[in-house]
Amino acid sequence: MILMNDFKAEPQAVRDAMLAAAKRVIDSGWYVLGKELESFEREWADACGLAHGVGVANGMDAIEIALRALEIGPGDEVITTSMTAFATVLAISRAGAIPVLADIESDTGLLSRESVRRCISERTKAVLLVHLYGQVRDMDAWRALCAEHEITLIEDCAQAHLATWQGQVAGAFGRAGAYSFYPTKNLGAPGDAGMLVTGDEALAKKSARLRNYGQSVRYHHPELGMNSRLDEIQAAMLSARLHWLAEFTDRRRDIADAYFSGIGNPRVRPLSRPQEKTAHVYHLFVVNCDARDELQAHLNANGVQALIHYPIPVHHQEPCVDVRLDPQGMARTEQHAKTCLSLPCHPQMTDADVARVIAAVNAFKNS
Ligand SMILES: Cc1ncc(COP(=O)(O)O)c(C=O)c1O
């Protein structure tokens, strides 16, 4: 079976580097908030072209902490997409703010600016822009929209590790970027991990306090924070894995190019190509197909795993049924949820695997 992710197939050198990193931490006898975290925070912030990185327990916390550090909370509305991981919206609610869900664009699955405009109210404080599937697009237009309405831009970069748009890295366009290093992400830890990146020193300092019980100096808690620390073993292993990220991302892009040129089945429509070569890191390669469930079953029967991101939009999840939506409806989100399918696109795939996926997609016929 060609899987969506295959960690066991990673090069031995990656495993060796991870084991060496774990050993270094164990030998140091220092497990939380130490040199490994400081060093990975610096490395990741540098990679993002930003001055500050604050390691946290996961990507959802990175969003919540960003909102809380920006003092966006009770009574404030944050507009985002319903076509995302539930964690995006849960983070807004956990910060005490009110999520508002806008519709998407059909050709990319990304948040629609026209829909966001319809959702803006006097209470809107921020747009939480999800770089879904690894795509970064139209950032000038997003910045302009936020500036025009005096609202804060925050980026959910959980799927867009180091995707760049006009030379700038995801996370560097708004006030803060939230990364997840969940195992399946393009840069993944062997466990949970996340980071908030920002160019704003005061925001970084406040976020660092919030992740550690709101502690300013030992035993002083001027505000109520959380326990959301990124531990030393995960930080050390992420530093080790970072050396392979560029090579792995290049491989994802090669696979995507092969899919774009090889998939010729009129029933299966890949999402739009990116605006620039580097503006997509292909966390997921997504196609739309009206007979999606049949296509998924056909691929499975032919030894290809394919998953759906996402079959149930957030506004259909029980805790979110009363969330305010685009007044013109969520038609494109509903349609995408019914038709989208993610094909395997991970860096350990061989050329033969890629050819097998293409052949299986092209062989799909439905009545
Ligand atoms: C778009 C998006 N936002 C947020 C998250 C949350 O990240 P984490 O699982 O690290 O909390 C994820 C990961 O599932 C995600 O894909």
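The values are calculated or read from the model by the stated rules, or taken from the named source; none is laboratory data. If you're wondering where the values come from, they're calculated on a predicted model, not measured in any experiment. As a convention, Cβ positions derive from the backbone with ideal geometry for all residues, glycine included, and neighbour counts pool all protein chains shown. To get the accessible areas, we keep the full protein, side chains included, count just its heavy atoms, and leave off ligands, DNA and RNA. Shrake-Rupley method; radii C 1.70, N 1.55, O 1.52, S 1.80 Å.
Structure notes:
- Of the DSSP H helices in the chain, those with a Cα length along their own long axis of 30 Å or more and a mean Kyte-Doolittle hydropathy reaching -1.0 comprise 232-262.
- Nearest-10 value in Å² for the accessible area of residue 269, using the 1.4 Å probe: 100
- Annotation: average projected area of the chain is 18.3 square nanometres, based on the convex hull of Cα atoms across all directions.
- For the chain, the fraction of 1.4 Å probe accessible surface lying on carbon and sulfur atoms is 51 percent.
- Cα-centred dipole magnitude for the chain, charges only on beta-carbon of K, R (+1) and D, E (-1), debye, nearest 20: 260
- Cα coordinate range in the stretch 1-40, projected on the principal axes (Å, largest first): 41, 17, 13
- Mean Cα-pair separation over length for the chain, i.e. relative contact order, pairs under 8 Å, 6 or more apart, %: 24
- A 1.4 Å probe run over the protein chains yields, for the chain, 42 Å² of accessible area per residue, whole-number rounding.
- Put 86, 40 in order of accessible area, highest first, and with a 1.4 Å probe you get 86, 40.
- Averaging the Cα positions of each part gives two centres, and for the stretch 188-251 and the stretch 118-156 these lie 24 Å apart.
- Alpha-carbon Debye profile of the stretch 73-151, log10 I(q)/I(0) at 0.15, 0.16, 0.19 Å⁻¹: -0.48, -0.55, -0.78
- Measuring spread by the Cα atoms of the stretch 173-277 yields a radius of gyration and Dmax of 19.3, 63 Å.
- Candidates 201, 318, 41: whichever shows maximal mean-square fluctuation once the chain is modelled as a Gaussian network with Cα springs under 10 Å: 318
- Here the stretch 1-90 was treated as a single set of alpha-carbon atoms; its pair distances binned every 5 Å from 0 give 2, 10, 12, 15, 17, 18, 12, 8, 5, 1, 0 percent.
- At full extension, residue 291 and residue 246 could sit 12.7 nm farther apart than now, given 0.36 nm per residue minus the alpha carbon distance.
- 28 Å tail of the calculated P(r), the stretch 6-161, as % of Cα pairs: 32
- The alpha-carbon atoms of the stretch 244-362 define a convex hull whose volume equals 137 cubic angstrom per residue.
- Efficiency of FRET between residue 3 and residue 201 - r from beta-carbon atoms, R0 41 angstrom, step 0.05: 0.45
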